[in-house]
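The values are calculated or read from the model by the stated rules, or taken from the named source; none is laboratory data. Please read these numbers as outputs of a predicted model, since none were measured by experiment. Counting neighbours? That spans all protein chains shown, and the Cβs are built from the backbone with ideal geometry, glycine included.
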Ligand code: NAD
């Protein structure tokens, strides 16, 4: 079915998006990947399982579209992105329902994600027409230096399941704005949103082959084959640090440029002088957005002694009051985890911490039933050598630790191989900034529980990644500077 005949259809219908791989503007039918509703365990749809030959066809399509797309005037590329933003906004409710169905997140979270995701198209529509260049006089006086930023070439984009729309638009927006053509490989757990977005893109006027979408149960095989193809010049990956390392090694073989948005282990610091209610509000957002399945999720709460007990009591009250249920139920505040394996991991981490002396204030055991539910959980007295004190929890579990002074807080915050996000609550802004400067992290939120913004550079240091997405520099991840030495 041609995408442009779909206008007016219900974008929340999984069947609509299970019709094929999207290559060169065509839908290629197939089966092989079951998509499951994590709230019930029921089958929602089946999508095609791409093989390496189809991945090569996607590269052919991206190659065939590349010359035209890079020479399309920036204003025209911007207008297409802007229409895509508009279409996502018009279909926001349906997209949110679809995200909620396949990912499980509460509708309120899904609506927030659609707005955030669409904003990347609007932001990069505005950036497409402002791609910078550079002119300098050589200090020697010998010549002039001219720097032009050119599209890097075909980009392979790999995204995780936790933000199925936003992780895709955060890459597609700047790539298309830069003049690149792309192959998107979304996570197998949440492919329907990616296909829905591709349909909207086609309606917005994205030419065939500029955006191609492949789903596969053999991500390593198809990605390795694509990275080995010299036409692919960029890998932009969002996912776990473990997979990121494997991909960096693979990309090294052909020296493909890599942007890596990897795992996180965000510390959330609360000083004695913080506004307790504001800190609790922020803690709930930082911990519970997306049921804790976020790379920026507060993973370790460090609270100064004077405010510690009140913080634990307040957090417990709020976490225990949350309504857990199917994401598509309007009353739900916390949806299911993505898989049974995710629930089993939480159960293992919490049980081990309890066996080592941690105290459970609420939650602490998986919920019965067919869905993949784990309740909001608060622990304190967690030993610092417990696995949960260092692992990326990725679920609705908050561990609260005590600290005495600034130096200890910074040392605890930095006691991790990750460095993506951190949160600091204090009434003293100069202290908050000083502490923020001391924390090894790509992003610091001060007296706020949320930092993500398409206009800001998103990304991490240490083993949380390489490069930045969003903001004015995000587009440069998809461009190569070309230097001209000129005499005149
Ligand atoms: P994951 O690493 O298991 O998978 C991410 C994507 O990589 C999926 O599409 C998967 O199919 C694919 N993949 C897996 N193995 C591959 C291989 N060998 N070659 C090529 N592709 C492969 O991660 P996940 O479980 O989907 O997502 C959760 C992780 O993502 C967490 O660690 C989280 O912190 C991280 N994340 C980071 C950011 C960020 O911006 N830093 C944002 C969201 C999620």
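Matching residues to (1) in contact (Cβ under 8 Å) with a residue 24 or more places away in the chain; (2) out of contact with any helix residue (DSSP H, G or I) (no Cβ under 7 Å at 6 or more places or on another chain); (3) surrounded by fewer than 24 Cβ atoms within 10 Å (Cβ to Cβ):
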| position | (1), (2), (3) |
| --- | --- |
| 157 | yes, no, no |
| 160 | yes, no, yes |
| 167 | yes, yes, no |
| 171 | yes, yes, no |
| 188 | yes, yes, yes |
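Report every pair of residues separated by at least 6 positions or lying on different chains whose Cβ atoms are under 6 Å apart, first residue within region 248-264 and in contact (Cβ under 8 Å) with a residue 40 or more places away in the chain and within 20 Å of residue 417 (Cβ to Cβ), second assigned to a helix (DSSP H, G or I) and near the ligand (Cβ under 10 Å from one of its atoms).
These pairs meet every condition: 260/244; 262/241; 262/244; 262/464; 263/241; 264/464.
Working only within region 245-265, note down all residues that are more than 7 Å from the ligand (Cβ to nearest atom) and in a helix (DSSP H, G or I). So that I can check it myself, show each step before the final result.
Going through region 245-265, the residues more than 7 Å from the ligand (Cβ to nearest atom) turn out to be 245, 248-260, 265.
245, 248, 249, 250, 251, 252, listed by residue number.
Can you name every residue in region 234-261 that is surrounded by fewer than 19 Cβ atoms within 10 Å (Cβ to Cβ) and either within 17 Å of residue 55 (Cα to Cα) or over 21 Å from the mean Cα position of the chain (by Cα) (or both)?
249, 250, 252, 253, 254, 255
Quick one: is residue 53 more than 24 Å from the chain's Cα centre (by Cα), under 22 Å from residue 181 (Cβ atoms), more than 16 Å from the ligand (Cβ to nearest atom) and surrounded by 14 or more Cβ atoms within 10 Å (Cβ to Cβ)?
Working: more than 24 Å from the chain's Cα centre (by Cα): yes; under 22 Å from residue 181 (Cβ atoms): yes; more than 16 Å from the ligand (Cβ to nearest atom): yes; surrounded by 14 or more Cβ atoms within 10 Å (Cβ to Cβ): no.
No: the conditions fail for residue 53.
State whether the residues of region 319-329 include one that is assigned to a loop (DSSP other than H, G, I, E, B), within 16 Å of the ligand (Cβ to nearest atom) and under 27 Å from the mean Cα position of the chain (by Cα).
no
Suppose the filter is loosely packed, with under 15 Cβ neighbours inside 10 Å, more than 19 Å from residue 479 (Cα to Cα), touching a residue at least 24 places away in the same chain (Cβ under 8 Å) and more than 16 Å from the ligand (Cβ to nearest atom); does residue 137 pass it? Can you show your working first?
Values: loosely packed, with under 15 Cβ neighbours inside 10 Å: yes; more than 19 Å from residue 479 (Cα to Cα): yes; touching a residue at least 24 places away in the same chain (Cβ under 8 Å): no; more than 16 Å from the ligand (Cβ to nearest atom): yes.
No, not satisfied.
For a quick check of your reading of the model, give me the residue pairs whose first member lies in region 273-290 and is at positive phi, whose second is assigned to a helix (DSSP H, G or I) and surrounded by fewer than 23 Cβ atoms within 10 Å (Cβ to Cβ), with beta-carbon atoms closer than 8 Å and at least 6 apart or on different chains.
none
In region 294-314, how many residues are away from the ligand (no atom under 16 Å from the Cβ), in contact with a helix residue (DSSP H, G or I) (Cβ under 6 Å, 6 or more places away or on another chain) and touching a residue at least 60 places away in the same chain (Cβ under 8 Å)?
So the answer is 2.
Results for (1) within 15 Å of the ligand (Cβ to nearest atom); (2) over 14 Å from the mean Cα position of the chain (by Cα); (3) at positive phi, shown as yes or no for each residue.
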position: 155; (1), (2), (3): yes, yes, no
position: 168; (1), (2), (3): yes, no, no
position: 171; (1), (2), (3): yes, no, no
position: 177; (1), (2), (3): no, yes, no
position: 189; (1), (2), (3): yes, yes, no
position: 195; (1), (2), (3): yes, yes, no
position: 201; (1), (2), (3): no, yes, no
position: 206; (1), (2), (3): no, yes, no
position: 214; (1), (2), (3): yes, yes, no
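Which one of these is more than 22 Å from the chain's Cα centre (by Cα), touching a residue at least 12 places away in the same chain (Cβ under 8 Å) and either away from the ligand (no atom under 16 Å from the Cβ) or assigned by TED's automatic domain parsing to the domain that holds residue 191 (or both): 334, 354?
Numbers: 334 fails: more than 22 Å from the chain's Cα centre (by Cα).
Residue meeting the stated conditions: 354.
Considering 291, 225, 278, which residue is part of a helix (DSSP H, G or I), within 16 Å of the ligand (Cβ to nearest atom) and not assigned by TED's automatic domain parsing to the domain that holds residue 161?
Working: 225 fails: not assigned by TED's automatic domain parsing to the domain that holds residue 161; 278 fails: within 16 Å of the ligand (Cβ to nearest atom).
The match here is 291.
For every residue, the table says whether it meets (1) over 21 Å from residue 309 (Cβ atoms); (2) touching a strand residue (DSSP E or B) at 6+ places or on another chain (Cβ under 8 Å); (3) modelled with pLDDT of 95 or more.
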| site | (1), (2), (3) |
| --- | --- |
| 385 | yes, no, yes |
| 399 | no, yes, yes |
| 404 | no, yes, yes |
| 419 | yes, no, yes |
| 431 | yes, no, yes |
| 443 | yes, yes, yes |
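Step by step: first the residues of region 15-50, then only those that are at pLDDT below 95 and over 25 Å from residue 223 (Cβ atoms), then the one that is surrounded by the fewest Cβ atoms within 10 Å (Cβ to Cβ). Which residue is that?
So the residue we want is 15.
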